[in-house]
Amino acid sequence: MPDNRTLFFRLLGYVRPHWKGFALALAATAVAAATEPLFPALLKPLLDNGFVSGGSEWLVWMPLAVVGIFVLRGLTGFLASYGMSWVANRVITDLRRLMFERLVHMPTSYFDAHSSAVPITRIAYDVNGVAGAATSVLTVLIRDSLSVIGLVSWLLYLNWKLTLLSLAVMPLIGLVTKAFSGRLRKLSLAVQDGMMQMNQVLQESIKGQKVVKIFGGEDHAVTRFSNVNNAILGYGRRQAAAAAAIVPITQIFASIGLAIVIYVAMHQTAENETTVGGFVSFITSMLLLLAPLKHLADINAPLQRGLAAAESVFRMLDEIPEVDTGSIDLGRAHGEIEFDAVSLRYVAGERDALSGIDLCIRPGETIALIGPSGGGKSSLVNLVPRFYHPSTGQIRIDGHDTASLTLQSLRANIAHVGQDVFLFDDTVTANIAYGSMRGATRTEIEAAARAAHALEFIEQLPYGFDTLVGENGTRLSGGQRQRIAIARAILKNAPILILDEATSALDNESERHVQAALEELMRGRTTLVIAHRLSTIEHANRIAVLSQGRIVELGTHAQLLEKAGLYASLYRMQFVEVS
């Protein structure tokens with residue numbers, strides 16, 4: 001666990017770009033704090049001289065001086081509060097942008113290892129606590145520290161003996177604060193972990209709401225949520241108890257010091273060692289000192305929460321982004337792909353997902369990948385755009401090792417259409433012309449939709465191409481979503497195409513439309529097809545049969561049937577099921 005000092009100074013680094021506003025707020029804070037001892041300082045001459053002499057000048061200037069002090073405090077207090085809020089909001093905005101930039105550049109393995117609730121919680125929730133530690137806590141620290149310094153200086157000037165007596169309790173207050181800091185930090189981290197778990201339960205219950213309803217999982221879902229919710233409640237109670245205990249303990253020690261001071265001061269007054277004005281000014285200063293001391297004790301809880309949030313935020317910012325070691329710009333590829341003794345083992349894998357893959361795909365050729373579940377089909381196609389890196393061997397495109405290509409130029413040459421199509425909650429136009437294609441003209445978008453056999457149903461939507469499709473395309477049917485994804489791939493016009501069971505979840509009518517769109521998309525492109533329905537890949541140039549991470553058969557549909565091996569067995573089984 002990083003120490004508080006390291007976290008705090010790293011956090012201040014994100015305040016530096018807004019140093020002008022920060023400096024103005026701090027200056028206003030300093031001025032507001034400097035006015036703290038002025039009021040008790042006015043009391044001494046007022047009581048010692050004003051009421052005694054009765055001079056008219058006291059009647060005019062003293063009330064005006066009191067009003068002036070509070071007007072100055074009000075103005076500087078406003079500037080300090082507004083300035084710090086402005087800086088805090090800017091820091092939150094900057095951190096969220098940096099975190100999201102890091103998120104979209106994370107490798108695929110990061111998303112495999114982390115629930116989506118983890119980055120969502122850190123970006124949406126944890127970062128709010130960070131700004132408080134960097135700004136508002138610092139405001140309190142500076143303002144009230146300066147107030148304490150000013151008041152203590154005035155107390156020393158008035159009566160150094162009494163002041164030293166009152167300061168004797170300070171070490172005890174420091175020990176109490178330190179004792180509670182570690183507990184508050186641990187409880188804050190526990191609350192953040194609880195929020196991540198809560199977000200995960202919420203996401204699963206929302207996305208899987210049909211499963212919850214069909215299988216009667218409502219009670220189980222409520223129980224899961226209640227367990228997490230109650231755990232957060234428990235952490236919050238203990239956190240509140242620890243934070244609340246600091247203040248009264250601090251005040252008790254301060255009151256003991258104050259009682260001793262009053263006792264000694266009364267003896268000094270009786271022996272004419274101090275004046276009435278000096279005594280009242282001293283007591284007033286002591287009483288005014290309690291408020292900044294309380295504030296300084298109070299900031300420990302939000303400081304520890306902020307540092308715990310900062311630790312969570314920095315953990316995400318310190319994640320290693322996707323490494324791009326390539327230096328060669330591929331340009332537009334011809335589409336030749338070669339797998340040379342390629343093996344792949346995932347980080348947590350007990351065995352190789354792929355082993356000794358040798359396969360050469362010619363430009364414009366369609367290669368179908370079939371085989372039992374877990375055979376390595378998805379692992380193979382995921383290596384082409386470098387979602388994962390081979391453990392051994394090389395993958396070459398047009399003779400270039402993909403590791404030597406820049407990620408941008410490599411992925412610019414690849415289009416992908418999968419079984420689980422993802423659409424953004426945006427218009428049809430925005431979903432087709434997404435990312436690098438967002439500058440496409442309406443004519444180009446309509447041409448892509450027409451080639452994908454999607455134009456007819458798009459024109460029947462309430463607002464045509466400007467219709468919002470809903471979250472992940474919920475306002476469209478499965479076949480319509482697939483054709484939108486195909487139109488997106490057609491508009492990209494990449495020479496290499498990956499189709500991952502793009503028709504397996506469709507009914508016959510939808511499959512007919514989608515298959516026609518896919519044939520249009522595949523024309524002239526090097527295509528890797530993962531197929532569930534073997535009837536859809538009979539016309540592929542070659543078929544690779546994968547089992548346990550190896551290519552066990554390779555050939556045309558007719559050749560593999562004649563061979564009477566695994567492909568022929570799978571084909572017969574599927575033919576019997578269809579019959």
Selected residue (criterion: modelled with the lowest pLDDT) from residues of the range 504-520 that are buried (at least 22 other Cβ atoms within 10 Å of the Cβ) and either touching a Ser or Thr at 6+ places or on another chain (Cβ under 8 Å) or within 17 Å of ARG332 (Cα to Cα) (or both): VAL514
Cross-chain or 6+ apart pairs with Cβ under 6 Å, the range 153-164 first and buried (at least 20 other Cβ atoms within 10 Å of the Cβ), then outside any helix (DSSP H, G or I): TRP154/PRO37
Test for THR406: is it polar (S, T, N, Q) and over 30 Å from ILE120 (Cα atoms): no
Candidate set: the range 347-368, residues that are at pLDDT 90 or above and among the charged types (D, E, K, R); chosen: the one farthest from SER409 (Cα to Cα): ASP352
Unmet requirement for ALA124, which otherwise passes all of (1) at pLDDT 70 or above; (2) surrounded by 15 or more Cβ atoms within 10 Å (Cβ to Cβ); (3) under 18 Å from MET316 (Cβ atoms): (2)
Hits in the range 299-346 (condition: modelled with pLDDT under 90 and polar (S, T, N, Q)): ASN300, GLN304, SER312, THR325
Options SER343, SER327, SER312, SER355; residue that is among the polar types (S, T, N, Q), closer than 30 Å to PHE111 by Cβ and surrounded by fewer than 14 Cβ atoms within 10 Å (Cβ to Cβ): SER327
Elements of type helices (runs of 4 or more DSSP H) contained in the range 405-512, each with 3 or more residues being under 28 Å from the mean Cα position of the chain (by Cα): 407-411, 428-432
Selected residue (only one of ALA403, ALA447, ALA430 is surrounded by fewer than 21 Cβ atoms within 10 Å (Cβ to Cβ), touching a His at 6+ places or on another chain (Cβ under 9 Å), at pLDDT 90 or above and of a type in the set (A, V, I, L, M)): ALA403
Hits in the range 450-479 (condition: polar (S, T, N, Q) and modelled with pLDDT under 90): ASN472, THR474, SER477
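The values are calculated or read from the model by the stated rules, or taken from the named source; none is laboratory data. All of these numbers come straight from a predicted model, not from anything done at the bench. A quick note on method: Cβ atoms are made from the backbone with ideal geometry, for glycine too, and the neighbour counts reach across all protein chains shown.
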